[in-house]
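A.B. asks: I am attaching a structure below and will ask some questions about it afterwards.
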Amino acid sequence: MRNGAILFLGLFAALALSWAGIVVGSSDQLGRLAPYYDEGEGASFPAGFPGIAVRGEQVYRDLNCASCHTQQVRRAGYGNDEARGWGTRQSVARDYIFQPAAQLGAARIGPDLANLGQRKVDREGLLRLLYSGRGAMPAYAFLFEKERIQGQLSSHALDVSGVEPGWQVVATPRAEALVSYLLSLSSPYDYPEAKAAASAGEEKK
């Protein structure tokens, strides 16, 4: 019985130390990350999200977009992310310091979105994609409203098919915020830790 208690305490201590080292230690290390100041550029990276994009990040989470999209570019040799134009370097922890809940994702039914703002996409095209869907991408028509045309067509009306004559489709504030968030996703700056990780990956080959 005495040996059993000692064994139990030993197992408990081992688990507690492991948990502290992995969870608490990592949280403390990553929690202290701050924007990297580049003296040559005279600016800090990454920049925070604009206000409407912060609201869009909440919409992204509400819709569970991370179930089909990732926001993490793998280093060269671990996939074809760079060749696909999804980023010019691997993602690092500093990329996510302004995100309250980083949407890393685990599956790529759709493309990676970590640097969507750097690609040739526009607001109108993203809104149409959200409204109509495409392929495996479902339609999120509930993020839009159908309104009667009063006089002239609204400058915010979407150019989509299947709308009854005399009506127009207009994005709601949630749709506008989501698109602003998606267009703000951009990690072009090459941090020192990203260069070090890339170099380490090259040495292992």
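A.B. asks: Over segment 52-205, with every protein chain in place, what whole percent of the accessible area is carbon and sulfur at 1.4 Å, could you tell me?
C.D. replies: Looking at segment 52-205 in its full context, I get 52 percent from C and S.
A.B. asks: Here's a follow-up. Using a 1.4 angstrom probe, figure out how much accessible area the chain has per residue, in square angstrom, rounded to the nearest whole.
C.D. replies: 63 Å²
A.B. asks: Using helices alone, what [θ] at 222 nm do you get for the chain, with -39,500 (n - 2.57) per DSSP H run of 4 or more residues, divided over all residues and rounded to the nearest 500?
C.D. replies: -11000 deg cm²/dmol
A.B. asks: Now for a different question. When the chain is fully extended, how far beyond the present Cα-Cα distance does Y36 get from D190, taking 0.36 nm per residue of separation?
C.D. replies: This chain segment gains 54.4 nm when fully extended.
A.B. asks: Still on this structure, I have one more. Mean separation of Cα pairs under 8 Å and 6+ residues apart, divided by the residue count of the chain: what relative contact order is that in percent?
C.D. replies: Relative CO of the chain lands at 24 percent.
A.B. asks: Follow-up question, since we're still on this one. For the residue pair I52 and A76, what label-to-label distance in nm results when each label sits 7 Å from Cα along the Cα-to-beta-carbon direction?
C.D. replies: 3.8 nm
A.B. asks: Label points 7 Å out from Cα along the Cβ direction at I109 and E124: separation in nm?
C.D. replies: The answer from the label model is 3.0 nm.
A.B. asks: If I build a Gaussian network model for the chain, linking alpha-carbon pairs within less than 10 angstrom, which residue out of A171, A14, A139 has the largest mean-square fluctuation?
C.D. replies: A14
A.B. asks: For an R0 of 45 angstrom, estimate the FRET efficiency from the Cβ-Cβ distance between A5 and S44 and round to the nearest 0.05.
C.D. replies: 0.25
A.B. asks: Report, in order of residue number, the helices in the chain meeting two criteria: a C-alpha extent of 15 Å or more along the helix axis, and a mean Kyte-Doolittle hydropathy of at least 1.0; treat each whole DSSP H run as one helix.
C.D. replies: 2-19
The values are calculated or read from the model by the stated rules, or taken from the named source; none is laboratory data. Bear in mind that the values here come from a model prediction, so they are computed numbers and not experimental data. We place every Cβ from the backbone using ideal geometry, glycine too, and count neighbours over all the protein chains shown. Accessible surface areas use protein heavy atoms only, side chains included; no ligands, DNA or RNA. Shrake-Rupley method; radii C 1.70, N 1.55, O 1.52, S 1.80 Å.
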